[in-house]
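Take a look at the structure below.
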Amino acid sequence: MELKRNWYHLFTETVCLILMIGILLYLFLNWGSFPNKIPGHYNAAGVADRPGNKGELLVTPLLDGYCT
């Protein structure tokens, strides 16, 4: 069953795509200014309890692209 697409669907998909490209562009343009170690997780007190590397910053945008 094919869903009908209207202007709202096209608008929201376009906005999401522009935002995803903007996030990736920001990461790539500022990659050198990020520290090698970044906080990977915060506990309930707001203290970082797991260090991660800056490569983890790419996980969410790349998963967004895969799921889209």
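Counting Lys and Arg as +1 and Asp and Glu as -1 over every other residue whose Cβ lies under 9 Å from the Cβ of H41, the net charge comes to 0. For the chain, the longest principal axis of the Cα atoms and the long axis of helix 7-29 meet at an angle of about 30 degrees. If you wrap the Cα atoms of the chain in a convex hull and average its projected area over all directions, you get 7.0 nm². Working note: 222 nm ellipticity from helices only, DSSP H runs with n ≥ 4, each -39,500 (n - 2.57), summed and divided by the residues of the chain, gives -15500 deg cm²/dmol to the nearest 500.
FYI, it's all coordinate maths here, none of it is from the lab. What you are looking at is a predicted structure, and each value in this text was computed from that prediction instead of being measured. Neighbour counts are summed over all protein chains in view; Cβ atoms, including those assigned to glycine, are modelled from backbone coordinates with ideal geometry.
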